[in-house]
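Working notes, beginning with the structure itself.
The values are calculated or read from the model by the stated rules, or taken from the named source; none is laboratory data. The structure presented is a predicted model; accordingly, all values stated were derived computationally and were not measured. Methodologically, a virtual Cβ is constructed for each residue, glycine included, from the backbone with ideal geometry; neighbour enumeration extends over all protein chains shown. These accessible areas exclude ligands, DNA and RNA; they are computed on the full protein's heavy atoms, side chains included. Shrake-Rupley method; radii C 1.70, N 1.55, O 1.52, S 1.80 Å.
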Amino acid sequence: MSERAYPRRRLPVAQDPLFVYGTLRFGAVLAELIGRVPDMEPARLLGRRAAALPGRSYPGLVTATNRVTEGFLLTGLTDAEWRVLDAFEDDEYDLVPVAVTAGERAGYAWTYAWTAAAEDRDWSATAFERDQLPRYAGKCAAWRRDLVLLSETL
């Protein structure tokens with residue numbers, strides 16, 4: 001989780017879809033970060049995988065030939081929600097456009113791709129939900145409180 005208050009990169013416009021594949025796929029995390037769970041639709045991304053990251057409970061999206069990443073499209077994000085989610089992401093993520101499939105429909109979305117070292121094993125959403133989700137959501141709530149306090153002092 002990044003501690004910067006304002007994103008340094010150019011963000012998509014409100015209403016652009018966001019493909020999520022890791023911790024942001026969980027309503028409890030989204031609710032703590034942006035105060036609600038936006039519309040979510042199951043989606044798939046070809047040519048990438050959600051990799052486990054050394055020493056971290058969240059994954060990184062990395063290129064992987066002949067692989068598919070299952071996730072969700074978040075739609076209806078506001079500009080303010082995009083700013084919060086972007087501030088939340090580590091500096092090792094790049095916000096990139098990708099081609100996704102949702103049901104029978106193909107389209108584009110933005111996603112956060114990992115740029116640093118990743119493990120050879122895949123990250124497990126099932127194991128994360130079972131073993132870490134409540135504690136992680138609590139950390140997200142604390143991060144969001146700190147972001148609000150920091151924003152109020154600027």
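Structure notes:
- Where the chain is the region considered: accessible area per residue in Å², 1.4 Å probe: 52
- Each Lys or Arg adds one and each Asp or Glu subtracts one; over the other residues with Cβ under 15 Å from the Cβ of residue 107, this totals -2.
- Candidates per trypsin sites (Lys or Arg not before Pro) in the range 70-143, loop by DSSP, up to 13 other Cβ within 10 Å: 121
- Candidates 118, 52, 127: whichever shows maximal mean-square fluctuation once the chain is modelled as a Gaussian network with Cα springs under 10 Å: 127
- A simple charge model with +1 on the Cβ of Lys and Arg, -1 on the Cβ of Asp and Glu and nothing else charged puts the dipole of the chain at about 100 debye relative to its Cα centre.
- The chain: most fluctuating residue of 16, 131, 91 per GNM, C-alpha cutoff 10 Å: 131
- Selected from 103, 22, 71 as most flexible by GNM, with the chain as the system and alpha-carbon contacts under 10 Å: 103
- Residues residue 139 and residue 108, FRET efficiency given R0 of 35 Å [Cβ-Cβ distance, rounded to 0.05]: 0.70
- For the chain: relative contact order, % (alpha-carbon pairs under 8 angstrom, 6 or more apart): 32
- The H on the amide N of residue 90, modeled in the peptide plane, is under 5 Å from the matching H of 2, each at least 5 residues off or on a different chain.
- For residue 49, net neighbour charge (Lys/Arg +1, Asp/Glu -1) across residues whose Cβ lies under 9 Å away: +1
- In this rough spin-label picture, where each label sits 7 Å from Cα along the Cβ direction, the residue 31-residue 15 distance is 2.8 nm.
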